[in-house]
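Just so it is clear, none of the values below were taken in a lab; they were calculated from the coordinates. Everything quoted here is computed from the prediction, not taken from an experiment. Ideal geometry is used to build each Cβ from the backbone, glycine not excepted, and the neighbour counts take in all protein chains shown.
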């Protein structure tokens, strides 16, 4: 009987130890589950923060490509003068239409098949008008190029891709990337 009582006490003690260990493990599991949930919540919060930052970055990128930030062209008088010059000068109209056609033709745009660069006659006309307006306004070719792109975009209502495309290529004319093509065109004209 004494042996049975000893075994009973031993088993009772072992059960208490197992129950205590089981309670500690349950508590540890709850703590780890709570910590895991807190980490999941923190990850979700960071994902939302990243999404917000990404949206802000996209907005800033769109803002960067709006020509309005390149100068004070919001002045209605400036727009009126630009529109007037555009209406009376056929050469400027040709340049602006070339920029618009080029911009529309990219990214499956609305303009059809213009190509990856300006045609020789277009680059020649754009460069000549850039120089003329730069001389008249004591401005750089880049500033006049920005104005051309702004005018083409305002009249043609470019989307962000069209604006970026036109801006890059007209600045290419201003930065002399087209000079070789322009020289070939001039040589062909002089013959």
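Quick notes on this one:
- Of 163, 151, 11, the residue with the greatest mean-square motion in the GNM of the chain, using alpha carbon springs below 10 Å, is 11.
- With neighbour counts taken as other beta-carbon atoms within 10 Å, the residues 155, 92 rank, fewest first, as 155, 92.
- Dividing the mean sequence gap of close Cα pairs (under 8 Å, 6+ apart) by how many residues the chain holds gives a relative contact order of 20 percent.
- Most fluctuating residue given options 40, 101, 167, as computed from a GNM of the chain linking Cα atoms under 10 Å: 40
- Relative to the dominant Cα principal axis of the chain, helix 76-88 is inclined by about 50°.
- Peptides 136-144, 169-177 ranked from most to least packed give 169-177, 136-144, packing being the mean of other C-beta atoms within 10 angstrom over each peptide's residues.
- Distance from the Cα centroid of region 36-56 to that of region 144-191 is 43 Å (rounded to whole angstrom).
- Degrees, to the nearest 10: 179-190 long Cα axis against longest axis of the chain: 20 degrees
- With kT/(6 pi eta Rh) evaluated at 10 °C and eta = 1.306 mPa s, and Rh the Kirkwood radius from Cα pairs, region 80-191 diffuses with a coefficient of 113 µm²/s according to Stokes-Einstein.
- Relative to the longest principal axis of the Cα atoms of the chain, helix 160-174 runs at roughly 50 degrees.
- GNM flexibility winner over the chain from 153, 22, 105 (Cα, springs under 10 Å): 22
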